[in-house]
Amino acid sequence: MSQTFTKAMARNVFYGGSLFFILLFLSLTYDTHSEMPKQDNSANLTEKVAKGKRLWEENNCIGCHTLLGEGAYFAPELGNVYKRFGNSKQAIEAFISSRPREGIKGRRSMPQFDFTAEELDAISEFLKYVSEIDASGWPPNIQG
Ligand code: HEC
């Protein structure tokens, strides 16, 4: 058997390999495009959710918290906080509005933001919306 790697062999490896990966790329692209619409919950994207998102940004919640894994690791993940708090917007609002102004001595604590009832409603609506995003099972457990 000849030990030489001929030009024809190199060409076949090149074309064969290219074809294989082009087909793989196209089939994965097709798969993504057919799966993504099933995960779309933008129909629930109301004006109130958008207001909650703005408050989330203006108050830099992400500076301490993660949301679906993105953000800072100082405070709990909030992507599933709505579920963690028993599917209750009221529980989230009560938590946020009851934070002590002077903080909690000796442990990490959440600031008091002095939100109005309307703002609290928008924030908890935003967190409810986020909890309903199909993130393929992320976060992996209810603690976040
Ligand atoms: C300075 C850091 C910091 C910022 C900024 C911050 N938080 Fe927090 N947050 C915390 C900490 C620390 C906790 C955990 C407190 C505890 O358990 O007493 C917490 C807890 C929470 C919880 C309860 C989570 C749970 O599972 O117990 C919610 C809801 C929450 N924050 C919402 C918000 C929202 C909304 C914002 C923005 C408006 C925000 N946080 C901004 C530090 C922060």
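The values are calculated or read from the model by the stated rules, or taken from the named source; none is laboratory data. Note that the coordinates shown come from a computational prediction; the quantities given were computed from them, not determined experimentally. All Cβ positions, even for glycine, are placed from backbone atoms using ideal geometry, and neighbour counts span all protein chains on display.
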Return only the number of the condition from (1) surrounded by fewer than 10 Cβ atoms within 10 Å (Cβ to Cβ); (2) within 12 Å of the ligand (Cβ to nearest atom) that S136 does not satisfy. (2)
Pairs where the first residue, in region 82-109, is among the charged types (D, E, K, R) and the second is loosely packed, with under 12 Cβ neighbours inside 10 Å, C-beta under 7 Å, 6+ apart: K83/I142; R84/I142; R108/F74
Under 9 Å between Cβ atoms, at least 6 apart or on separate chains: pull out the pairs that start in region 29-41 with a residue that is assigned to a helix (DSSP H, G or I) and end on any residue that is loosely packed, with under 10 Cβ neighbours inside 10 Å and at pLDDT below 90. Q39/S136
Test set (1) closer than 30 Å to F113 by Cβ; (2) at pLDDT below 95; (3) of a type in the set (S, T, Y) - T46 fails condition number: (2)
Checking the condition aliphatic (A, V, I, L, M) and within 10 Å of the ligand (Cβ to nearest atom), which residue from L68, L78 passes? L78
In region 42-61, residues that are within 8 Å of the ligand (Cβ to nearest atom) and surrounded by 12 or more Cβ atoms within 10 Å (Cβ to Cβ) total 4
Give me a count of the residues in region 96-131 that are within 11 Å of the ligand (Cβ to nearest atom) and under 12 Å from K51 (Cβ atoms). 7
Residue pairs, Cβ under 6 Å, 6 or more apart or interchain, first in region 118-139 and among the aromatic types (F, W, Y), second buried (at least 20 other Cβ atoms within 10 Å of the Cβ) and assigned to a helix (DSSP H, G or I). List them. F126/G52
Which one of R107, R99 is over 26 Å from A43 (Cβ atoms), among the basic types (K, R) and either touching a Ser or Thr at 6+ places or on another chain (Cβ under 7 Å) or surrounded by 11 or more Cβ atoms within 10 Å (Cβ to Cβ) (or both)? R99
